[in-house]
Amino acid sequence: MTSHRSSNSKFPNINGWKQARPRHSLGYNVRHALRTTIICVVCAAFAFVGTAAAAAYIDLNSTVVNNTVKVISQSTATPTVIDPNAGQPIQFALLGQDTREGDSNASLGGDDGTSTENHMADTTMVVQISADRSWVNIVSIPRDSIVSVPSCQTTNGTIPAQYNIMFNSIFSTAYQQGGDLSSAASCTMAAINALTGLDLQQFIVVDFQGLRDMIDAIGGVDLCIATDTTDSYTGLTLSRGLQHLDGTQATQYARMRHGTGTDGSDIMRTTRQQYLIKELFKQAMQKNLFTQVDQLYQLAKSALNSLNISTGLADTATLAGLAMSMKDMDTSHIYARTIPVTAAPYDQNRVVWSSDADAVWAKLRENQPLTESTDESTDTSSESADANGTDASTESSESSASTDTSTEADTASSDAASSTSSIDPTTGLITDAQGNLIDPATGGIVDPDDGIIRDAVTGQYIGIADRYLNATVCAVPAQD
């Protein structure tokens, strides 16, 4: 076949068509070939990364979709879909499902021979994330709380109003009636709304195995153990001091109610659960997971496999956006506490919410952090909070200046909480005039031996002073 480059003079030499091809030097040709190779490699790399990212996204999204749980609305209103970039507070119910289904859940829960179908809410927390992502509120509801709740719609009919029942039975009754997690979680969330005046529309449910897997995915968790602990029920043995726990150990620590290191109460257990969640969050934030793509992927996959998420929150882009919006949050601004309770008058093994409970829920309704250390607290003319977080401005005007109705601890903790300048920068606590350690976030009195925070009036457990515990018992250096 003849060349199209003809030397026939009949054709004009248009645009150099008839010119001979340039003869470049060897150096030029080598550089040209190298440049072409580099471009091809870069394009291939981008294609590979893009394909891998797409595959990872599809994989994670598939996991989210498979674990999505429908919200059964108790009204005609349609639950809203969370937008992490809307500049709005985000709140949801975090439910720990107590089930013995499967070998892992049975071993972690301490299988006692009860039916594997006995689904109950072992843990219930209300989680609220501020609009500017600068703080997080976590409020625990004791499972042994005696409450009365309105009727609830399930997948399989309506449950009538219930009176003077244990809070955790709401979950199991709805599961039994509806036959699914959607009914159990939706009715529990509806009960929370009725009891607190909140408007929760989303929930996340996790079981024993799921919590264990998430902890293992970040390589375990460091916890400060305040006292030597032996739990013959699960076989857990821990020595006082800083301990690195794997997922199984940490889950057993958070759930134990037997042996040493615990008084057997559900209230004390909730304080350990709060402490575990706060430490998990801190340690996950300290890991530079965004430069460790494989570990980030494994953590995300493990977490999403472990959680059952309601429809308005179960979206991969939503969850990723929420995580990114919180990546710079100061972890000392995670405020956790148990709702104030007192012993039930007819059963000392059960509790009822105290008169101070609504002051806690009021802060969540008004999207305020659960702390008394506000800028306004030093202004004597502004509203102040008493030792238990209640609004004291009205009470003080009605009771003149009488102090004989308050305990010495109440007055000391209230005075201490009003002075933010006296907060110890290492422990985060205040020492009052009587030498008591006061938690400024709750006004509770802190036990110097184990960091447990007790309500100044009722003496009930309301949390753990994690900064104090880490700094004094385990000498853990503060994180910048």
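The values are calculated or read from the model by the stated rules, or taken from the named source; none is laboratory data. Bear in mind the structure is a predicted one, so any value in this text is a computation, not a measurement. Glycine also receives a Cβ, built like all others from the backbone with ideal geometry; neighbour counts cover every protein chain displayed. Side chains are part of the model used for accessible areas, which takes the heavy atoms of the whole protein and leaves out ligands, DNA and RNA. Shrake-Rupley method; radii C 1.70, N 1.55, O 1.52, S 1.80 Å.
A compact table of results
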{"item": "Per residue accessible area in Å² of the stretch 430-473, where ligands, DNA and RNA are left out and the probe is 1.4 Å", "result": "34 Å²"}
{"item": "Efficiency of FRET from Cβ geometry, residue 62 and residue 88, R₀ 35 Å, rounded to 0.05", "result": "0.80"}
{"item": "Stokes-Einstein D in µm²/s, Kirkwood radius over Cα pairs - the stretch 430-473 at 37 °C with 0.692 mPa s viscosity", "result": "321 µm²/s"}
{"item": "Size of the stretch 224-325 as Cα extents on the principal axes (Å, biggest first)", "result": "44, 30, 21"}
{"item": "The stretch 190-311 - accessible surface per residue (Å², probe 1.4 Å)", "result": "39 Å²"}
{"item": "Average projected area [Cα convex hull, the stretch 90-366], square nanometres", "result": "14.5 nm²"}
{"item": "The stretch 304-358: Cα Rg divided by the 2.2 N^0.38 Å rule of thumb", "result": "1.82"}
{"item": "Under 23 Å between alpha carbons - lysine pairs in the stretch 90-366 that sit 8 or more apart or on different chains", "result": "9"}
{"item": "Length added when fully stretched, residue 262-residue 431, from 0.36 nm per residue minus Cα-Cα", "result": "58.2 nm"}
{"item": "Sorted peptide list for 165-171, 243-249, 471-477, criterion being average Cβ within 10 angstrom, highest first", "result": "165-171, 243-249, 471-477"}
{"item": "The stretch 90-366, accessible surface, carbon-and-sulfur percent (1.4 angstrom probe)", "result": "49 percent"}
{"item": "Apportionment of accessible area to carbon and sulfur, the stretch 430-473, percent (1.4 Å)", "result": "44 percent"}
